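Undergrad: I have a structure I would like to understand better, so I am pasting it below and will then ask my questions one at a time.
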Amino acid sequence: MVAQAYQPVQWELFVIRLTRETGSQGWRGQVIHLPDRQTHHFTSWDAASWEEVHRFIAGFVPDEPPPPDAPQRR
């Protein structure tokens, strides 16, 4: 058996939470970057919100340049 070289792994973990209150027709939510608890809130669940979530996550992915308006990683 040939030994395999160690390959370091970098990972980022996020939670997307959606909430709809009783009697409400719309969804709102948040995406949380778990390692440092940075959170981005959104007030609707539409294409624009998906774009917001993508920009937030892209700010944590080192190999992908984030969009110009992506939040800066602390």
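Undergrad: Compare the peptides 40-46, 16-22, 50-56 by average per-residue count of other Cβ atoms within 10 angstrom and give them in order, highest first.
TA: 50-56, 40-46, 16-22
Undergrad: Taking H as built 1.01 Å from N, whose amide H comes closer than 5 Å to the amide H of Trp27, not counting residues under 5 places away?
TA: Trp45
Undergrad: Between Asp46 and Phe14, how high is the FRET efficiency from 1/(1 + (r/R0)^6) when r is the Cβ-Cβ distance and R₀ = 30 Å? Nearest 0.05.
TA: That pair, Asp46 with Phe14, gives E of 0.95.
Every read-out reported here was derived from the displayed coordinates using simple, explicitly stated rules and does not represent laboratory data. In this text the structure is predicted, and so the values were computed from the model without any measurement. Cβ: placed from backbone, ideal geometry, glycine included. Neighbour counts: every protein chain shown.
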